[in-house]
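These notes concern the structure reproduced below.
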Amino acid sequence: MSGTELKLETAIVVGELYINNGAWKFNAIASGFHGGLSALCSHYGIVVIEEESSEVVSPR
């Protein structure tokens with residue numbers, strides 16, 4: 001991956017680290033998600049509960 005493939009993604013999975021038959025293994029994935037961490041979690045079946053922000057942001 002040269003870095004030009006991911007343009008709109010706001011979260012990525014670079015790879016997975018796991019143990020197979022007692023040996024550590026790494027598998028490169030480079031999967032991008034448009035929608036941030038919430039989209040990435042949803043892809044793996046994790047329900048994300050958004051909290052309402054009480055912070056008021058005023059324009060400068």
Practice task
Scan the stretch 15-25 for residues that are surrounded by 10 or more Cβ atoms within 10 Å (Cβ to Cβ) and either of a type in the set (V, I, T) or touching an Asp or Glu at 6+ places or on another chain (Cβ under 9 Å) (or both) and jot them down.
Solution key: K25
Fill in the blank from the handout: Residue pairs within 8 Å by beta carbon, gap of at least six or interchain, first lying in the stretch 11-24 and farther than 25 Å from L37 by Cα and free of Cβ contacts under 8 Å to residues at least 12 places away in the same chain, second among the hydrophobic types (A, V, I, L, M, F, W, C) and loosely packed, with under 10 Cβ neighbours inside 10 Å, listed first then second, are W24/L17
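Here, each number is a calculation from the coordinates, and none is a lab measurement. Please read these numbers as outputs of a predicted model, since none were measured by experiment. All Cβ positions, even for glycine, are placed from backbone atoms using ideal geometry, and neighbour counts span all protein chains on display.
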